[in-house]
Amino acid sequence: MKICVVPVCYNSYDDALRLLESVNRAYKACPNLTLDVILADNSTIPTRQDVSSWQFEYSFRYLRNDNIGYYPAFNRALDTLPHGAEVYDFVVVCNVDLIVADDFFSALLNSSVSNETGLIAPSIISDKDGRDLNPKIMSRPSARKIQFMRLVCSSVTLFRWYQKLSRMRERARSRAQCTHVSSPSLESSNKKLMYGAHGSFMIFTQNYFLKGGHVAYPRFLFGEEVFVAEQLRMHRLNIDHVPTLRVYDKEHASTSQVNLAFICAEHKKSYDYLYSNFYMKNIG
């Protein structure tokens, strides 16, 4: 079994090292695994650490970038692979402000993947409230919803209020999730289909690349979930939610370092791109 993992770092070297060490523990617990890890570094603040000299038991490579954005860094990392992404059974892209469970790779290799599965969504457990961040989006957003979000993101004030309402909804979802806890054995036997998986940790199957899916999303940040969902939709592939694959997330350590006006503007650019490329021909 062959896996490639691409963590994308932005001024978070301590988090990156912690993630890579957790990957190392999971790797050691999973025999017969070939693992290539490329740390794509978009950082703007110099560090005294010699990151390129970090050593682990898996194959590790350091890729220094300008601050080119999340998926542009991921795409650049895949472009450096000598034989392409399609030679891997799984390709992972993730933020660095999380860790994987010690049995992560063992659970991934034991999961059943059909020819219709293009992406696997793990259980991303929030450190804030213990809820699973997946499923992220259950159904395809309408063109009206995308247009509404373009309007919201045209104003920092509107965007700030929308964020407050979103946090209230997330807290309500967290409370509801905590009162409807299924047994682990039941959850593991019932994979949940969804439209979009949470972008902080995505597991692409070999089918995704073999059937023509790509990750050349040209926006700096945000909207990755919808972009990937539309790639899956285009190639008639599904997302499997596999709760036995456990990832623990600190939630948005990188974006919290960026000012609100910049975040709002990048959201607007992403919604503009998604609307133009996936909704103009087939409104709704």
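Could you list all residues from the range 4-23 that are in a helix (DSSP H, G or I) and open to solvent by 20 Å² or more (accessible area, probe 1.4 Å)?
Scanning the range 4-23 gives Y13, D14, D15, L17, R18, E21.
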From the list H235, H241, which one is under 22 Å from V113 (Cα atoms) and more than 15 Å from the chain's Cα centre (by Cα)?
-> H235
Quick one: H198 ticks every box in (1) out of contact with any Gly (no Cβ under 7 Å at 6 or more places or on another chain); (2) within 17 Å of R150 (Cβ to Cβ); (3) modelled with pLDDT of 95 or more; (4) outside any helix (DSSP H, G or I) except a single one, so which number is it?
-> (2)
Sort out for me the strands (runs of 3 or more DSSP E) sitting completely within the range 55-161 that have 2 or more residues that are open to solvent by less than 50 Å² (accessible area, probe 1.4 Å) and either among the polar types (S, T, N, Q) or more than 18 Å from F209 (Cα to Cα) (or both).
-> 59-64, 98-100, 117-126
Does any residue of the range 239-251 turn out to be open to solvent by 60 Å² or more (accessible area, probe 1.4 Å), of a type in the set (D, E, K, R), farther than 27 Å from G130 by Cα and modelled with pLDDT of 95 or more?
-> no
Out of all the residues in the range 24-51, which are of a type in the set (S, T, Y) and either farther than 24 Å from V87 by Cβ or surrounded by 14 or more Cβ atoms within 10 Å (Cβ to Cβ) (or both)?
-> Y27, S43, T44, T47
Give the number of residues within the range 201-247 that are within 29 Å of R18 (Cα to Cα), assigned to a loop (DSSP other than H, G, I, E, B) and touching a Leu at 6+ places or on another chain (Cβ under 8 Å).
-> 2
Name every residue in the range 1-40 that is over 13 Å from Y58 (Cβ atoms) and small (G, A, S), in order of residue number.
-> S12, A16, A40
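The values are calculated or read from the model by the stated rules, or taken from the named source; none is laboratory data. Because the structure is a prediction, the values reported are computed rather than measured. Cβ atoms come from the backbone with ideal geometry, glycine included; neighbour counts cover every protein chain shown. All accessible areas refer to the heavy atoms of the entire protein, side chains included, with ligands and DNA or RNA removed. Shrake-Rupley method; radii C 1.70, N 1.55, O 1.52, S 1.80 Å.
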